[in-house]
Amino acid sequence: MTPLFISALVVAIAEIGDRTQLLAMLLAVRFKRPWPILAGIFAATLANHALAATAGFFITDLLQGQAVRIAVALSFILMAAWTLIPDTADDEAVKSSGASVFLTTLVAFFFVEMGDKTQIATVALAARFHDIAWVAAGTTLGMMAANAPAVFLGEAATRVAPLKYVRWSAAALFFGLGVWALAEALRG
């Protein structure tokens, strides 16, 4: 259960102020239909993070040894630095589709999440815990925990907590995980 809880916590914190959360707010403001938006976020995240967790799982199977464990640890530390950089909204995904709210959300979230820090974190977490199902479930849970309030509160969600402090907290969490993983890798 540790991979589930850590994955959910890491992604929930990292997602705050992320471009996909900003996209959730944009979709909520534009369509004013939270349930199809949440369903689209859930389906897109589950598919995207299942693929990312699978990649992380197989990376550790293909590449064994201390060098890989050190690389995974360093990826967490790099994620800490990346988390400190604020994201901006990407409205092109919203403007380009006239399909249903669910389909628009599904497609937009799936593609906007590609290469995003939460997707890369999912790869690293699956490599770290060597567990596809619990990591994908945890990261999906974390995404939903961060995005549901954004969908229901829209623009007001950005005023709940100063994003600067949330980014710092997420960076500290990623850094702590990186140091922990690095210490374990160097031990043997």
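The values are calculated or read from the model by the stated rules, or taken from the named source; none is laboratory data. Values in this document were obtained by computation on a predicted structure and should not be read as measured data. Here the Cβ positions follow ideal geometry from the backbone for every residue, glycine too, while neighbour counts run over all protein chains shown. All accessible areas refer to the heavy atoms of the entire protein, side chains included, with ligands and DNA or RNA removed. Shrake-Rupley method; radii C 1.70, N 1.55, O 1.52, S 1.80 Å.
Points to keep in mind about this one:
- Scanning region 54-77 for residues that are under 22 Å from F175 (Cβ atoms) and modelled with pLDDT of 80 or more gives G56, I59, I70, L74, I77.
- A171 passes every criterion in (1) at pLDDT 85 or above; (2) on the phi < 0 side of the Ramachandran plot apart from (1).
- A39 of a type in the set (G, A, S), in a helix (DSSP H, G or I) and in contact with a Phe, Trp or Tyr (Cβ under 8 Å, 6 or more places away or on another chain): yes
- Pair list, Cβ under 9 Å, 6 or more apart: region 134-149 residue more than 15 Å from K117 (Cβ to Cβ) and assigned to a helix (DSSP H, G or I), other residue among the hydroxyl-bearing types (S, T, Y) and open to solvent by 10 Å² or more (accessible area, probe 1.4 Å): W134/T2; A136/T54
- Positions within region 101-115 being in contact (Cβ under 8 Å) with a residue 24 or more places away in the chain and either surrounded by fewer than 21 Cβ atoms within 10 Å (Cβ to Cβ) or at positive phi (or both), in sequence order: V101, F102, L103, V107, F110, M114
- When the test is whether a residue is assigned to a helix (DSSP H, G or I), over 11 Å from the mean Cα position of the chain (by Cα) and buried (at least 19 other Cβ atoms within 10 Å of the Cβ), A127 passes it.
- Selection from region 174-186 of residues that are of a type in the set (A, V, I, L, M, F, W, C) and surrounded by fewer than 20 Cβ atoms within 10 Å (Cβ to Cβ): F175, V179, W180, L182, A183, A185, L186
- Hits in region 16-28 (condition: assigned to a helix (DSSP H, G or I) and open to solvent by less than 60 Å² (accessible area, probe 1.4 Å)): T20, Q21, L22, L23, A24, M25, L26, L27, A28
- For region 78-106, a tally of residues being closer than 21 Å to A14 by Cα and either outside any helix (DSSP H, G or I) or modelled with pLDDT of 75 or more (or both) returns 13.
- Set side by side, the residues A44, A39, A52 differ, and just one is crowded, with 21+ Cβ neighbours inside 10 Å and within 14 Å of V151 (Cβ to Cβ), which is A44.
- Per this entry, F57 is not counted among residues that are touching a residue at least 40 places away in the same chain (Cβ under 8 Å), over 22 Å from A126 (Cβ atoms) and touching a helix residue (DSSP H, G or I) at 6+ places or on another chain (Cβ under 6 Å).
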